[in-house]
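The values are calculated or read from the model by the stated rules, or taken from the named source; none is laboratory data. Source: prediction; values computed, not measured. All Cβ positions, glycine included, derive from the backbone under ideal geometry; neighbour counts span all protein chains shown. We work out accessible area using only protein heavy atoms, side chains counted, and drop any ligands, DNA or RNA first. Shrake-Rupley method; radii C 1.70, N 1.55, O 1.52, S 1.80 Å.
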Amino acid sequence: MSLWLSALAALAVGVFSAHVLQRLCFPYFWRDVFFLLRVVRCGLRLELSRLTGGVCTVLERFERQARRVPDKPFVVFEGRVHTYRDVERRSNRLARVFLDRVQLRKGDCVALLMSNEPDFLCVWFGLAKVGCSVAFLNTNIKSRSLLHCFNCCGARTLIVGSDLVHCLDDILGSLLEDNIQVWAMKSHSEHTQVHTLLDEIAAASDQPVPAELHATTSLKSPTLYIFTSGTTGLPKAAVITHLQSLKAAAGFWAFGATEDDVVYIPLPLYHSAASLIGIGGTIELGATCILKKKFSASQFWNDCRKHDVTVFQYIGELCRYLCNQPKTEVDRVHKVRMGVGNGMRQDIWREFQSRFGNIKMCEVYGSTEGNLCFMNHIGKIGTVGRSNFFYRLLFKYDLVKYDMEKDEPVKDQHGFCQRVEKGETGLLLSKVGAMSPFFGYAGSKQLTEKKLMRNVFVKGDAYFNTGDLMAEDQQGFICFRDRVGDTFRWKGENVATTEVTETLGLVDFMQEVNVYGVEVPGQEGRAGMAAVILRPGLSFDGKKLFEHVMRDLPAYAHPRFIRLQEIMEMTSTFKQQKFHLVQRGFNPSTVSDPLYVLDYEQKNYIPLTDSIYQSILAGERKL
């Protein structure tokens, strides 16, 4: 008996010691295990469907939910409830119209230019039901960029929201010349060659179209094109396959959301965050989403209280706007328990939780077209994700040394990249393989190839270049440091400097333009700044530049600052030098060149004085 008692006591001591050791040395072990089990479960389900040929797409998942919970609210928009059955039936009507009147066929690509509204989803699902791929157009893009989008994804039809028809005034003629048919979500049109959909929908049947029209046996079939800005200037159509859509749709579930959650979506649906993660995630759970036409900081918490919101989507800029709102006694009166998004600054993160309660902020890192995703399931402030031994077995990535001044990776004597040490900042590369394919961009193999780095560590390997500088600490937490190349973020959008450069170059007094982003204290991302050389004999005209910028660039891409130079700095490889310009910023007391700042009230670029500079630093002047 005493021997058994001794054995049990020894076992108890051993278990307790192992528990203490685990808590001290591996404090996140079990949380990592349970999270990875969810990830693996999701991956196995996708792999099984691939092997059996029974791919259940996001659309088919929605149809199943519409049969399972037909009367449950799916989308609540501007006070009106749209159930799963409502959206199912309306998308069926649209599918009938697309087949019979628009005469679309399986495999066609259709461009969608619509603001956030339930009909965005109905059109999306209706097109998917007839087997069409859908290109989501950014509602901010204009003229030349808009025309470019059709060319790169091969769309021959455009569906436009009733509130955005006016955006086509400048390019409608060009669209019609290219034999692109335009259909508007209206019952009548002022343009004789713009067809209307609402009258057609009213007369259509709500019975489902044949399932074989949208059936697929391949997870790698394209289903969407989502446009992303990059170093090439004009928008690029990232190919979104069923595989990527299903992975994104599992995001909320992976973080622990359930069908009882109410999801608040204030982000634009043309971005992957709102459409793939937000709507896809809501469908995966069978939950309810509150869809906003446009984010409003003053209405956010009232909406959350009114609709009993439990989960919301964010970008870092959104949370900063909320923190800048006047404090109230009901700041903590809500049911929100989790936020899912990206780009949260550490100081904003702490302020947000201190003010609005201990809401779990789940940072997600990944680009629309990328083949790698990090998820901060622990919720540690300031990190975008977490890695460990098991994660690295599933997802092959590396951080390599990067020379910011030369704007290129550091190579060894054999021409291979060099991995950084733990805690050091490096360029994030993700290996391309069967487990993590890269599908690239529509319409250009060159653009796809440009995002790849080959012969990185050995001859013949291939990695997706994220263009992001990251660091991984000793515990496996991953932090975002900066972006490299010609893209920076402002107001939650990626700004392609090449596109802005080309647009400014069309102004008659501009001879050479170099666009980059500069940090502004208290602001997320980087504000656009352009160093320019004037044409001989011509002078700077702030009003003319203002009018040109307002006409041809989306608001987030407007250069906030202009710097007049006599000589453009170049790198040793004859590229425009951005590094030193970024470092010098826009301080008129330290920059000897003439500086100008964008002034929306005066509709002009006016001289940047020291007093204006101080008002920007103090947050008194809106950029």
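By the gyration tensor of its Cα atoms, with a ≥ b ≥ c the square roots of the eigenvalues, what is the shape of region 62-155: rounded for a/c under 1.5, prolate for a/b over b/c, or oblate? Judged from the Cα gyration tensor, region 62-155 comes out oblate (a/c at least 1.5, b/c at or above a/b). For region 142-218, the square roots of the Cα gyration tensor eigenvalues, ordered a ≥ b ≥ c, give a/c of at least 1.5 with a/b no greater than b/c, which places it in the oblate category. Multiplying the sequence separation of THR258 and ASP412 by 0.36 nm and subtracting their Cα-Cα distance, what value in nm do you get? Extra length available between THR258 and ASP412 comes to 50.5 nm. Using 0.36 nm per residue and subtracting the Cα-Cα separation, the extra length available between GLN103 and ARG350 on full extension is 83.6 nm.
A Förster radius of 30 Å combined with the Cβ-Cβ distance from ALA434 to GLN474 puts the calculated FRET efficiency at roughly 0.45. Screening the chain for DSSP H helices whose Cα atoms reach 20 Å or more along their own axis and whose mean Kyte hydropathy is at least 0.0 gives 2-25, 29-52.
Placing unit charges on the Cβ atoms only, positive for Lys and Arg and negative for Asp and Glu, gives the chain a dipole magnitude near 1640 debye about its Cα centre. The calculated FRET efficiency for the pair TRP30 and THR498, based on their C-beta separation and a Förster distance of 35 Å, comes to about 0.15.
Simple spin-label model, 7 Å along Cα-to-Cβ: LYS445 to HIS580 in nm? The modelled label-to-label distance comes out at 4.1 nm. Extension gain for the segment LYS603 to SER387, taken as residue separation times 0.36 nm less the Cα-Cα distance, is 72.9 nm to one decimal. For the set MET375, MET185, solvent exposure ranked by accessible area (probe 1.4 Å, protein chains only) runs largest to smallest as MET375, MET185. For region 428-482, relative contact order (Cα pairs under 8 Å, six or more residues apart, normalised by length) works out to 33 percent.
With a Förster radius of 56 Å applied to the C-beta separation of LYS294 and VAL458, the computed FRET efficiency comes to 0.70. Taking other residues whose beta carbon is less than 14 angstrom from the beta carbon of VAL330, and scoring Lys, Arg as +1 and Asp, Glu as -1, yields +3. Accessible surface computed residue by residue for the chain, with neighbouring protein chains in place and a 1.4 Å probe, gives 46 Å² per residue.
Taking label positions 7 Å along the Cα-Cβ direction at both VAL81 and SER589, the computed distance is 6.0 nm, reported to one decimal.
On region 359-418, 55 percent of the accessible area sits on carbon and sulfur atoms, based on a 1.4 Å probe.
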